[in-house]
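The values are calculated or read from the model by the stated rules, or taken from the named source; none is laboratory data. Small disclaimer: the values here were computed from a predicted structure and weren't measured. Methodologically, a virtual Cβ is constructed for each residue, glycine included, from the backbone with ideal geometry; neighbour enumeration extends over all protein chains shown.
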Amino acid sequence: MADTQYDVIVIGSGPGGYVTAIRAAQLGFKTAIVEKSELGGVCLNWGCIPTKALLRSAEVYHNMQHASDYGLSANPSFDLQKIVQRSRKIAGQLSGGIKHLMKKNKVSVIAGFATLKAGNPAPTVSVEEQDYQAKHVILATGARARTIPPAGLESDGKFIWTAREAMVPDTMPKKLLVIGSGAIGMEFASFYNAFGADVTIVEMMDRILPVEDEEISAMARKSFEKRGMNIKTNTQVKTVKKNAKNVTATLASGDEIENIEFDRVILAIGIVGNVEDMGLEALGVKIDRSHITVDEFSFTGVSGLYAIGDVTTPPWLAHKASHEGIICIEKIAGGNPHPLNADAIPGCTYCHPQIASVGHTEAQAKAAGYDVKVGRFPYIGNGKAIALGEPEGLIKTVFDAKTGELLGAHMIGAEVTELIQGYTIAQNLETTEHELMETVFPHPTLSEMMHEAVLDAYDRTIHF
């Protein structure tokens, strides 16, 4: 007979779910995790990691094309099938790693789709006609790509792709339309552009990467256009109609209407929480626009039921889900964890050039009533950046003029997705400009620009 009694059941094995399950086991809970597909969820199998594998291939190919800049010679070509195979192999390797972690931590893995029904002290979990009982149930069911079927904006697996199909292309499109300029859209635009696709990006807002600082967005647009991308802001895709060999997209910008043919279309217009068909409404779970409403410790308001990650509130990031899950289970265990501070969660976009940020933008800080000091340092002023052949970029800091608190940091350029954590730690430690100025940064490194951007906010920059 199957073991059906647990302390904790986690539904969904993405970065939120599997991390929560491991921490639950560490805390002494008898734990199970339910997964309807591959262990690791979307992130490891069809999101964060395999896309970075694709982007690494694009980066290497781009550098090979510019080998002469480094005194080298190369005659690069690419095999799209092998690029995709490498990405899928890495995803498989990591999914297998999660299986090992579950076994190591004695977390039971239950395969199938979970539904919930009323129970005590927590809802009963049903999987493949088998009922399971737990004292605590944690939903980590994630999200999927948003589609708009009436406008033809839904995947057909051939001409119109979501991120999932865009990761396993059968051909390199000559003309590609990317709808949406957030992190997902810009990463795919960067990948396909690197391999020669004629990429058009459509964004309904007045700038690309609309959640980033305006100055960073402007620099990003300039860089992407320099690489040959066609960017249309303040523009909506009204319809996408399939033809025999391609699609026709109707684009509207004010009163101007354009009909343009594309070989492929990638939808990157947001996500929808996976809340359907689980019985949540009958339990009284509050759902707002496909995302579950929770308190600061992920409690849904239904006895014994919690929710974390992309199925709940933004930001919809893997590392937010993991940290949220740890806070949730530690609170359940009787600990006293700090609630998650959404403003201190770094965001990264792995396009070329990379973009990363944490905290308030300059505009947000001013809107919140802060008197700000802003520092900037360009990549062209950094010796390591020049030596790398990556002199394009900027690091920007935003401080509270009264207290010296670091309100936000914003970056564009080589390896900023690795650099941003320095500022994230500084925020978590409630560091002021004084401690950052007194910190010794190694030379020669890109991180020296982080120091200079702090110095610049207080008119003390050295190298520019």
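Out of A67, A111, which single residue is closer than 30 Å to C351 by Cβ and over 24 Å from the mean Cα position of the chain (by Cα)?
On the way: A111 fails: closer than 30 Å to C351 by Cβ.
Only one candidate qualifies: A67.
When you scan the range 62-85, how many residues do you find that are part of a helix (DSSP H, G or I) and in contact with a helix residue (DSSP H, G or I) (Cβ under 6 Å, 6 or more places away or on another chain)?
So the first thing to find is which residues in the range 62-85 are part of a helix (DSSP H, G or I), and the list is 62-65, 67-70, 80-85.
From the residues that got through so far, the ones that are in contact with a helix residue (DSSP H, G or I) (Cβ under 6 Å, 6 or more places away or on another chain) too are 62, 83.
Total meeting the criteria: 2.
Scanning the range 355-376 for residues that are assigned to a strand (DSSP E or B), within 28 Å of E390 (Cα to Cα) and not polar (S, T, N, Q) gives I355, A356, V358, G359, K373, V374, G375, R376. Just one of the numbered conditions (1) assigned to a strand (DSSP E or B); (2) over 17 Å from K242 (Cβ atoms) is not true of S181: (1). Do you know which residues across the range 395-444 are surrounded by 19 or more Cβ atoms within 10 Å (Cβ to Cβ), aliphatic (A, V, I, L, M) and assigned to a loop (DSSP other than H, G, I, E, B)? Selection gives A414 alone.
Within the set E281, E324, the sole residue that is under 20 Å from I33 (Cβ atoms), outside any loop (DSSP other than H, G, I, E, B) and either assigned by TED's automatic domain parsing to the domain that holds G41 or modelled with pLDDT under 95 (or both) turns out to be E324.
Looking only at the range 64-81, which residues are among the acidic types (D, E) and under 23 Å from E390 (Cβ atoms)? Of everything in the range 64-81, just one residue is among the acidic types (D, E) and under 23 Å from E390 (Cβ atoms), namely D69. Being buried (at least 16 other Cβ atoms within 10 Å of the Cβ) and more than 17 Å from the chain's Cα centre (by Cα) is a description that does not apply to L55.
Are any of the residues in the range 128-142 at pLDDT 95 or above, within 30 Å of T200 (Cβ to Cβ) and either aromatic (F, W, Y) or out of contact with any Lys or Arg (no Cβ under 8 Å at 6 or more places or on another chain) (or both)? Yes. So, A122, is that one crowded, with 18+ Cβ neighbours inside 10 Å, among the hydrophobic types (A, V, I, L, M, F, W, C) and on the phi < 0 side of the Ramachandran plot or not? The answer is yes for A122.
Only one of the numbered conditions (1) hydrophobic (A, V, I, L, M, F, W, C); (2) in contact with a His (Cβ under 8 Å, 6 or more places away or on another chain); (3) surrounded by fewer than 20 Cβ atoms within 10 Å (Cβ to Cβ) is not met by A244, and that is (2).
Is it the case that Y18 is part of a strand (DSSP E or B) and of a type in the set (S, T, Y)? When the stated conditions are applied, Y18 does not pass them. Of the candidates T162, T124, T115, T141, the single residue that is without any contact (Cβ under 8 Å) to a residue 12 or more places away in the chain and among the polar types (S, T, N, Q) is T124. A single entry from D206, D213, D198 fulfils the requirement of being within 29 Å of T417 (Cβ to Cβ) and touching a helix residue (DSSP H, G or I) at 6+ places or on another chain (Cβ under 7 Å): D213. For the range 243-278, a residue qualifies if it is part of a loop (DSSP other than H, G, I, E, B) and under 29 Å from L139 (Cβ atoms), and the qualifying residues are A268, I269, G270, N274, V275, E276, D277, M278. Number of residues in the range 228-237 that are within 14 Å of D255 (Cα to Cα) and either without any contact (Cβ under 8 Å) to a residue 24 or more places away in the chain or loosely packed, with under 14 Cβ neighbours inside 10 Å (or both) equals 1.
The residues on offer are G393, G404, G375, and the sole one that is touching a residue at least 12 places away in the same chain (Cβ under 8 Å), touching an Asp or Glu at 6+ places or on another chain (Cβ under 6 Å) and on the phi > 0 side of the Ramachandran plot is G404.
Evaluating G96 against the criteria (1) in contact (Cβ under 8 Å) with a residue 60 or more places away in the chain; (2) in a helix (DSSP H, G or I); (3) out of contact with any helix residue (DSSP H, G or I) (no Cβ under 6 Å at 6 or more places or on another chain); (4) small (G, A, S) leaves one unmet condition, (1).
Given the criteria assigned by TED's automatic domain parsing to the domain that holds I287, at positive phi and surrounded by fewer than 18 Cβ atoms within 10 Å (Cβ to Cβ), does G112 qualify? Considered against the rule, which asks whether it is assigned by TED's automatic domain parsing to the domain that holds I287, at positive phi and surrounded by fewer than 18 Cβ atoms within 10 Å (Cβ to Cβ), G112 comes out as yes. Condition first: in a helix (DSSP H, G or I), modelled with pLDDT of 95 or more and surrounded by fewer than 20 Cβ atoms within 10 Å (Cβ to Cβ). Now tell me which residues in the range 327-354 satisfy that. Result: E330, K331. Taking T31, is it at pLDDT 95 or above and more than 19 Å from the chain's Cα centre (by Cα)? Yes.
Summed over the range 156-193, the residues that are touching a helix residue (DSSP H, G or I) at 6+ places or on another chain (Cβ under 6 Å), over 16 Å from G270 (Cα atoms) and surrounded by 23 or more Cβ atoms within 10 Å (Cβ to Cβ) give a count of 2. For the range 377-391, the set of residues classified as touching a helix residue (DSSP H, G or I) at 6+ places or on another chain (Cβ under 6 Å) and surrounded by 18 or more Cβ atoms within 10 Å (Cβ to Cβ) consists of F377, Y379, N382, A385, listed by residue number.
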